[in-house]
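The values are calculated or read from the model by the stated rules, or taken from the named source; none is laboratory data. Small disclaimer: the values here were computed from a predicted structure and weren't measured. We place every Cβ from the backbone using ideal geometry, glycine too, and count neighbours over all the protein chains shown. Heads up: the accessible areas ignore ligands, DNA and RNA and are worked out on the full protein's heavy atoms, side chains in. Shrake-Rupley method; radii C 1.70, N 1.55, O 1.52, S 1.80 Å.
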Amino acid sequence: MAGNRGVIYEGPGKVSVKDIDFPDLVLKDGPGVPTANVGRKCEHGVILKVITTNICGSDQHMVRGRTTAPEGLVLGHEITGEVIEAGRDVEFIKKGDIVSVPFNIACGRCDMCRQQKTHICTNVNPERPGAAYGYVDMGGWVGGQSEYVMVPYADFQLLVFPDKEKAMEKILDLTMLSDIFPTGFHGAYSAGVKVGSTVYVAGAGPVGLAAAHSAQLLGASTVIVGDLKEERLEQARSFGCETVNLSKHDRLGEQIEQILGVPEVDCAVDAVGFEASGHGANAGEQPATVLNAIMDITQAGGQLGIPGLYVTEDPGAEDKDAQTGSLKIRIGLGWAKAHTFVTGQTPVMQYNRHLMKSIFSGKAQIAKAVNATVINLDEAPQGYTQFDSGVARKFVIDPHGSIR
């Protein structure tokens, strides 16, 4: 039996790489795994040799201790790999296929899946709708920041790359299909971006950069990205975005007016989430800042795409209400301006196949936009530390040295 290693959450501020069980087509007992799931056969699943697995900004929320994630959790929900074993019920995925794994686990059978709302599948998590690999409160599924991982419901979920050789040539772009690219695209699409739109994207982390590139693909005339870190704003400018440095002062509308001539945009994307910082110097954490800001600067009747993560429990919040996800949002402002809000996880399967085609055609340059940076598995803890410091990189873990 081959060995396996994975990235483990050890408690606030600490991850390590350790030996973990080699996957089989059974859900194992372990941290965060509901008792009802333990021992369940997954003959509809496959085992993957992981080619790439990425560090996600939402992983950082757990590692910072801002969720109720249990110690010992195997992290990682952005997975691309090669099928090395398939269960007896798998008909259309075969050994040797290179596949992208949507981060949201979905059965393909429930009412939500039949409506393409795979982000809120009702059969994969006994606690609530929706599941993901290696993530708090998301069904106890083992994460994929590892050498090998088991993936259930393979026929329904997996996106097979049609040409293995071309896939490996484009692997740094294709690895983004498991989460970040569809999530950024969902943010822009659900904000109503179309030809000629002016768009504000809050946050120049990987999801914000993916949303900005997606807005360009959708035909936006101007994409403005806001962030507190100049290095990240420089990355946004590298592929044609306008930028505003939110550490300079707290009047976002004035900064937008300097670019557009008016203090508002057609639509906006929140790619920050609940760990938002206030605008201006030394403002500190203000979890509702981005939501209130994008309502303020989006025109009446505009749409707000909100792929940024908001949680029901935040033990690290300074405010007692925020610890239970209750934020001081100016909902009256959004109501008065007749805004449309689109929230929740991204239904990856609605977008990944079309985005794959855009990558293969050369139209989408997502790896360049997010500054994909390859590291090996042992470098993952260092990658988490650097990512947490705000570097303008998207770290791609290469567990087997397949692409370095």
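Structure summary
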| read-out | value |
| --- | --- |
| All positions within segment 218-239 that are touching a helix residue (DSSP H, G or I) at 6+ places or on another chain (Cβ under 7 Å) and surrounded by fewer than 23 Cβ atoms within 10 Å (Cβ to Cβ) | Leu218, Thr222, Phe239 |
| Per-region count, segment 33-59, residues at pLDDT below 90 and in a helix (DSSP H, G or I) | 5 |
| Matching residues, segment 166-217, being within 24 Å of Gln299 (Cβ to Cβ), of a type outside the set (Ser, Thr, Tyr) and open to solvent by 10 Å² or more (accessible area, probe 1.4 Å) | Phe185, His186, Gly192, Val193, Lys194, Val195, Gly196, Val207, His213, Gln216, Leu217 |
| Single match in Ala86, Ala132 (criterion: over 17 Å from the mean Cα position of the chain (by Cα), small (Gly, Ala, Ser) and within 30 Å of Lys170 (Cα to Cα)) | Ala86 |
| Failed item in (1) in a helix (DSSP H, G or I); (2) small (Gly, Ala, Ser); (3) more than 18 Å from Asp173 (Cβ to Cβ), with Gly344 passing the rest | (1) |
| Residues satisfying the stated conditions in segment 302-316, i.e. hydrophobic (A, V, I, L, M, F, W, C) and over 20 Å from Lys337 (Cβ atoms) | Leu309, Val311 |
| Residues of segment 240-251 satisfying the condition of being at pLDDT 95 or above, crowded, with 16+ Cβ neighbours inside 10 Å and not in a strand (DSSP E or B) | Cys241 |
| In segment 86-145, residue farthest from Arg40 (Cα to Cα) [restricted to those that are without any contact (Cβ under 8 Å) to a residue 24 or more places away in the chain and touching a helix residue (DSSP H, G or I) at 6+ places or on another chain (Cβ under 6 Å)] | Met112 |
| Candidates Pro307, Pro287 - the one that is open to solvent by less than 50 Å² (accessible area, probe 1.4 Å), closer than 20 Å to Ala188 by Cβ and either free of Cβ contacts under 8 Å to residues at least 40 places away in the same chain or assigned to a loop (DSSP other than H, G, I, E, B) (or both) | Pro307 |
| Segments classed as strands (runs of 3 or more DSSP E), wholly inside segment 72-185, with at least 2 members that are among the small types (Gly, Ala, Ser) | 79-86 |
| Of all residues making up segment 290-303, the number that are in contact with a Cys (Cβ under 7 Å, 6 or more places away or on another chain) and surrounded by 22 or more Cβ atoms within 10 Å (Cβ to Cβ) | 2 |
| Residue that is farthest from the chain's Cα centre (by Cα), among those in segment 89-129 that are open to solvent by less than 60 Å² (accessible area, probe 1.4 Å) and either among the aromatic types (Phe, Trp, Tyr) or closer than 17 Å to Asp163 by Cα (or both) | Gly96 |
| Residue within segment 359-381 that is of a type outside the set (A, V, I, L, M, F, W, C) and farther than 30 Å from Glu165 by Cα present | yes |
| Residues satisfying the stated conditions in segment 318-351, i.e. β-branched (Val, Ile, Thr) and under 13 Å from Asp296 (Cα atoms) | Ile329, Ile331 |
| Pairs where the first residue, in segment 228-240, is without any contact (Cβ under 8 Å) to a residue 40 or more places away in the chain and the second is assigned to a helix (DSSP H, G or I) and not β-branched (Val, Ile, Thr), C-beta under 7 Å, 6+ apart | Ala236/Leu209; Ala236/Ala212; Gly240/Gln216 |
| Any hit, segment 241-263, residues being touching a residue at least 60 places away in the same chain (Cβ under 8 Å) and among the β-branched types (Val, Ile, Thr) | no |
| Count of segment 64-88 residues which are at pLDDT below 90, open to solvent by less than 50 Å² (accessible area, probe 1.4 Å) and on the phi < 0 side of the Ramachandran plot | 3 |
| Search result, residues across segment 217-237 that are under 22 Å from Thr373 (Cβ atoms) and of a type outside the set (A, V, I, L, M, F, W, C) | Asp227, Lys229, Glu230, Glu231, Arg232, Glu234, Gln235, Arg237 |
| Segment 358-403, residues that are assigned to a loop (DSSP other than H, G, I, E, B) and charged (D, E, K, R) | Lys363, Arg393, Asp398 |
| Residues satisfying the stated conditions in segment 131-158, i.e. over 21 Å from Ala86 (Cα atoms) and surrounded by fewer than 24 Cβ atoms within 10 Å (Cβ to Cβ) | Val136, Asp137, Met138, Gly139 |
